[in-house]
There are 2 protein chains.
Amino acid sequence: MKDLFYTKDKARGKERTFLKLVEEVGELSEAILLNDEHKITEEIIDVIAWIFSIANLVEIDIDEVFFLKYNNSCPRCKNNPCTCDSI
Amino acid sequence: MKDLFYTKDKARGKERTFLKLVEEVGELSEAILLNDEHKITEEIIDVIAWIFSIANLVEIDIDEVFFLKYNNSCPRCKNNPCTCDSI
């Protein structure tokens, strides 16, 4: 993803790239309200693409940091499956 | 991720799970405003975790659909890097 969009992302900057993410989150909201599974899939992919763009702008390796936090157990209760008493 | 959280995600449902995603998007907004790179990293990971939860609820294989759309080229202009005339 970085080779595809980094130049444009860099020019846009992380604050305006975040606004693009929010736009896609809004479209995902609409897809969920419509219960349109094809559109939900499309919008999930678009949200992930924009999150990758923000991650590239702050030079995060998502795979590395994600698996540091979610290493086959819940980061709070440490269980799998999670047994946290949360919503 | 599915084995960790699916039971709780299923009980919460996709509309309320989307609200959890929005909560984390708000926290990412704050982290970007503060320009706090550690917090930005944390919140990016949390947004991804909630997107995975929604994807699991609608039984999407993210890897599969993501690489169908972003197969080493921009889905609109088909170039790498993207040359779309968009923001």
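Reachable lysines from B:LYS69, Cα under 29 Å, same-chain residues fewer than 8 places away excluded? Answer for B:LYS69, where 29 Å is the Cα cut-off: A:LYS2, A:LYS8, A:LYS10, A:LYS14, A:LYS20, A:LYS39, A:LYS69, B:LYS2, B:LYS10, B:LYS14, B:LYS20, B:LYS78, listed by chain and number. Taking one quarter of the surface of the convex hull spanned by the alpha-carbon atoms of chain B gives a direction-averaged projected area of 7.3 nm². Normalising the average separation of contacting C-alpha pairs (under 8 angstrom, six or more residues apart) by the number of residues puts the relative contact order of chain B at 28 percent. Rounded to the nearest 20 debye, the dipole size of the protein assembly as shown about its Cα centre is 40 debye, using +1 on the Cβ of Lys and Arg and -1 on the Cβ of Asp and Glu.
Rolling a 1.4 angstrom probe over the protein assembly as shown with all protein chains present gives an accessible area of which 50% lies on carbon and sulfur atoms. Going by accessible surface with a 1.4 Å probe and the largest first, B:SER53, B:SER73 read B:SER73, B:SER53. Evaluating 6.51 cos²θ - 1.76 cosθ + 1.60 at θ = phi - 60° for every residue in the range A:42-57, the Karplus couplings come out as 4, 6, 4, 4, 5, 4, 5, 4, 6, 5, 4, 4, 5, 4, 5, 5 Hz, glycine and proline recorded as x.
Considering all projection directions equally, how large on average is the shadow of the alpha-carbon convex hull of the protein assembly as shown, in square nanometres?
Over every viewing direction, the Cα hull of the protein assembly as shown projects on average to 9.6 nm².
Burial of accessible area (probe 1.4 Å, heavy atoms of protein chains only) in the range A:47-62, relative to its chain alone, reaches at least 40 Å² for A:ILE48, A:ILE51, A:VAL58, A:ILE60. Only protein heavy atoms count here; under a 1.4 Å probe, A:GLU42 has an accessible surface of about 70 Å². Put simply, chains B and A cover up around 4400 Å² of each other's accessible surface, both sides summed, when a 1.4 Å probe is used. Using the 1.4 Å probe convention, the accessible area of the range B:6-87 works out to 55 Å² per residue with neighbouring protein chains retained.
The values are calculated or read from the model by the stated rules, or taken from the named source; none is laboratory data. Computed from a predicted structure; not experimentally measured. Neighbour counts run over all protein chains shown; Cβ positions are idealised from the backbone, glycine included. Calculation scope for accessible area: heavy atoms of the full protein, side chains included, ligands and nucleic acids excluded. Shrake-Rupley method; radii C 1.70, N 1.55, O 1.52, S 1.80 Å.
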